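Data first, discussion second: the structure below is written as C-alpha cells.
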Amino acid sequence: MNNTKRTELSEIGEFGLIDRLKAYLPAKSDKIIKSIGDDAAVIKNSDDSVQLISTDLLMEGIHFDLAYTPLKHLGYKAIAVNVSDIAAMYGTPSHVVVGLALSNRFSVEAIEELYAGMKLACDTYSVDLVGGDTTSSRSGLGISVTVVGTAKADEVVYRSGAQVNDLICVTGDLGAAFMGLQLLEREKQVYLANPEMQPELTDKEYIIECQLKPEARMDVVKSLKSLGLKPTSMIDISDGLASELMHICKESNVGAYIYEDKLPIDQMAFDTAREFDINPLTIMLNGGEDYELLFTIPQSDYEKIRNHPDISVIGYIKSAEEGVHVYTKGDNLVPVTAQGWNHFKSSK
Ligand code: ADP
Ligand code: MG
C-alpha cells in the first residue's frame, strides 16, 4: 500500500476502497474458493460442501435512527440482512455471532427487546445465535452480525456466472423500503417541529415494514431449488437494483438491458413516490435496502419460473460492449449508473 500519498475516501468511494483492499489481501489457502468480492466468502470443506461467511455492520445514525426504529425490528433486520447474503450465494444459513457496541443510554430491557427481534429472525430462518462480543460505545449503538452458512460446492451461485442472452430476474418488488424511509423521515421532521402532531402513517404499513423489518428471500431460494433451477449468477439488492446489476455485469464481464415497464413496484410505493415528487424509476433503480434477489437464468429455464408469483423477468444479458441500459416507458435507452449507497462518495 502507498502510505506516503493521502487519498480521500470520497475520491475512490466504498467500492474503490474494497477493490484496493482486495488487491492487498490475496488468498493464502487453496481452500478459499471466493474471497473478497461476492455476497459471502466461500471456503472448501474436506467433503464436497463449502462454508459461506458474510458480515454486515449497522451503525446508529448511518443505517438506522432510533427515533422511529423499534429495537425489536432492528434486531430482526440485523439478522435478516445477513441471511440475505447467504441466500444470494444459494446457500443455507446456519449460525450467527453478534457484536454489540452499547452506551449506558440503553437499559437491560432495551437490549432484551433488540434480542427478541434477533431471536424471532433466527427462528424464522432456522439459524442459531452462538456468540458475539459486547463493548461500550461513545457514539451510539453499533450492531455487527456475522453469518455462517453451508452449500454443496457445485450448488453455489456467484455474481460472476451471467451469460449473454440469460434472462434477468428479480424477486418481490423494488423501492418500497426507500419510500418507507422517506415517509418515516418526513414524519420525524413533522414531530420535531410539533410534538403534538400525530404521525400520518395509516395505510402505509407495507412500505414502512419493508424499511424496518425486511425479509431475506430464503423462501425463493427454496422454491427455485425445488423447481430444479440453478441461477447462473445472483446478488441480493442491498444498495439498489442499478448498483447490484452493475456488480453482476462487472463480475460476469457482460452488459444488460432492462425494461422500466417490467420492473416490479408495489402500488403504495409508487403512489408515495409520486406524493414525494420522486420518479418511481429512480426509487426502483437506486432506492436500496429491498433485500430482494437479482439473478440470471438461461432462457431455457423460463418455463420453470414463468408463473412464479414472486419473480419478475426484467430484461436480459447483453455483451459487455453493449453496456448496461434501461429502456424507459418513454422509449429512451438510458445508461444505468451505480448510485447505490456509496457511503464515502461526496454526492451522497
Ligand atoms: P454486500 O452488499 O453483499 O454486503 P459489500 O458491498 O459490503 O457486499 O462487500 C463486497 C465485498 O467486499 C464482500 O466480499 C465483502 O466481504 C468485501 N468487503 C467489504 N468491506 C470489506 C473490508 N472492510 N475488508 C475486507 N473486505 C471487505
Ligand atoms: Mg449482498
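Would you kindly derive the ³J(HN,Hα) couplings of the stretch 72-81 from the backbone phi angles with the Karplus curve 6.51 cos²θ - 1.76 cosθ + 1.60 (θ = phi - 60°), listing them in order in whole Hz, with x for Gly and Pro?
So the Karplus estimates, Gly and Pro as x, are 5, 4, 4, x, 4, 5, 4, 6, 4, 5 Hz.
May I ask you to compute the full-extension gain from Asp277 to Ile62, defined as 0.36 nm times their residue separation minus their alpha-carbon distance, rounded to one decimal in nm?
Between Asp277 and Ile62, full extension yields 75.0 nm more.
Val108 to Ile32: FRET efficiency via 1/(1 + (r/R0)^6), r the Cβ-Cβ distance, R0 41 Å, to the nearest 0.05?
The computed FRET efficiency comes out at 0.50.
Order of 77-83, 259-265, 197-203 by packing, highest average Cβ count within 10 Å first?
Going from most to least packed, we get 77-83, 259-265, 197-203.
Could you give the length gained by full extension between Glu200 and Ser137, i.e. 0.36 nm per residue of separation minus their alpha carbon distance, to one decimal place?
Working it through step by step, the gained length comes to 19.3 nm.
Considering only Cα-Cα distances, which of the following residue pairs are longer than 19 Å: Lys213/Lys250; Lys152/Lys250; Lys225/Lys262; Lys31/Lys225; Lys152/Lys225?
With Cα atoms farther than 19 Å apart: Lys213/Lys250; Lys152/Lys250; Lys225/Lys262; Lys31/Lys225.
Using θ = phi - 60° and the Karplus curve 6.51 cos²θ - 1.76 cosθ + 1.60, what whole-Hz ³J(HN,Hα) does each residue of the stretch 104-118 get, with Gly and Pro shown as x?
The phi angles translate into 6, 4, 8, 7, 4, 5, 5, 5, 5, 5, 4, 6, 4, x, 4 Hz.
What are the ³J(HN,Hα) values, in whole Hz, obtained from phi via the Karplus relation 6.51 cos²θ - 1.76 cosθ + 1.60 with θ = phi - 60°, for each residue of the stretch 268-283 in sequence order, with x given for Gly and Pro?
Values, residue by residue: 5, 5, 4, 5, 5, 4, 4, 4, 8, 6, 10, 5, x, 4, 4, 6 Hz.
Using Cα pairs closer than 8 Å and at least 6 residues apart in sequence, work out the relative contact order for the stretch 159-335, in percent.
43 percent
Roughly speaking, what is the stretch gain from Lys329 to Arg306, that is 0.36 nm per residue apart minus the C-alpha to C-alpha distance, in nm to one decimal?
Result: 6.0 nm gained on full extension.
So, in nm, how far is label Tyr24 from label Thr7 when the simple model puts each one 7 Å beyond its Cα toward the Cβ?
0.9 nm
For a protection proxy built on the mean count of beta-carbon atoms within 10 angstrom, sort 4-15, 106-117 highest first, please.
106-117, 4-15
No value in this document is a laboratory result; all are computed from the given coordinates. All figures in this text were calculated on a predicted structure; none of them were measured in a lab. No Cβ is skipped: glycine too gets one built from the backbone with ideal geometry, and neighbour counts run over all protein chains shown.
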